[in-house]
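The structure appears right after this line, and notes come after that.
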Amino acid sequence: MHPPATLSTLSLRDYGTSRGSHAHDHFQVLIGLDGVLDIEVEGRGAGIAAGEAQVVAPGDRHDFEARSEGSVCLVLDTTHAPWARCAERAPADVPQLHALARYLAHCMKQPQHAVLALQHGPALLLEAWSPRSSSSPDTRRRRIDWQALAAWARTRWHEPLGVSDLAGVACLSPSQFAQRCREEQGVSAMHWLRGLRLAHARELRLEGMGVAETARRTGYRSPSALTAALRRRGA
């Protein structure tokens, strides 16, 4: 039975022989607790043992069959869109996912805890699968104070600043900082940095500072380089 739109359902399932190939109109997340479940998704075979997990995307035809000892899985049926960003297989280095699945399975067997497990379990599983797959990533990521970072850069135009320098101040890796800059500022990190430099040069020029001194203070290699940059930006 398909879960209602926008809802998630959590269940413990004992798997045996194959039920035949089928598909769902929602995501199905299977986390192995005991035994091994052999599963084939769109022609690709895999086994889900204890501590392993897999996402079956909406519309993917799949078939499964437990090995001789049977298989028990925690199963999440959900239409929650962020699961689309998760890999088909859970990363190998997420023991917290298996620990959480065990805990939720234990809670679901106890009436006094089952309601809370069903209410909060789906969101906790998504977070445990991969913190970057959270439905609210901005509340869990390190915040970048762009204003403070810009102020820091303005005092260092005499240095050959690059993405790694900005990333270091923001306590991120260069690749993480570059991605965040595109997401939050809409431009590449170097484009953002060049824009800051030019904006500072424009301010100094409007205050009456000469081209040569402005170029020196803002790190342009020559007055002509600054003039050309200002002209390109229509300043």
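The values are calculated or read from the model by the stated rules, or taken from the named source; none is laboratory data. Here the structure is a predicted model, which is why all the values come from computation and not from measurement. Every residue, glycine among them, receives a Cβ derived from its backbone with ideal geometry; neighbour counts consider all protein chains shown. Side chains included, ligands, DNA and RNA excluded: accessible areas come from the protein's heavy atoms. Shrake-Rupley method; radii C 1.70, N 1.55, O 1.52, S 1.80 Å.
Computed over protein heavy atoms with a 1.4 angstrom probe, the accessible surface ordering of Asp77, Asp63, largest first, is Asp63, Asp77. Counting only Cα atoms, the size of region 1-120 along its three principal axes is 40, 34, 29 Å, in decreasing order. Along each principal axis, taking the top coordinate minus the bottom one, the Cα set of the chain gives 82, 40, 31 Å in descending order. Count Lys and Arg as plus one, Asp and Glu as minus one, and take only other residues whose Cβ is under 13 Å from that of Val163; the net charge is then +2. Per atom type, the chain shows carbon and sulfur on 53% of its accessible surface, probed at 1.4 Å. Amide hydrogen proximity for Asp34: with H placed 1.01 Å from N in the peptide plane, the residues at 5 or more positions away or on another chain lying under 5 Å are Val72.
For the chain, modelled as a GNM whose springs connect Cα atoms under 10 angstrom apart, the maximal fluctuation among Pro82, Pro111, Pro58 occurs at Pro111. Applying the Karplus relation 6.51 cos²θ - 1.76 cosθ + 1.60 with θ = phi - 60° to region 65-72 yields 3J(HN,Hα) values of 7, 7, 6, 3, 7, x, 8, 10 Hz, where x marks Gly and Pro. Across the chain, Cα pairs under 8 Å and at least six residues apart give a relative contact order of 15 percent.
Using a probe of 1.4 angstrom and keeping all protein chains present, the accessible surface of the chain works out to 56 square angstrom per residue.
Applying the Karplus relation 6.51 cos²θ - 1.76 cosθ + 1.60 with θ = phi - 60° to region 165-175 yields 3J(HN,Hα) values of 5, 5, 4, x, 5, 7, 6, 10, 6, x, 5 Hz, where x marks Gly and Pro.
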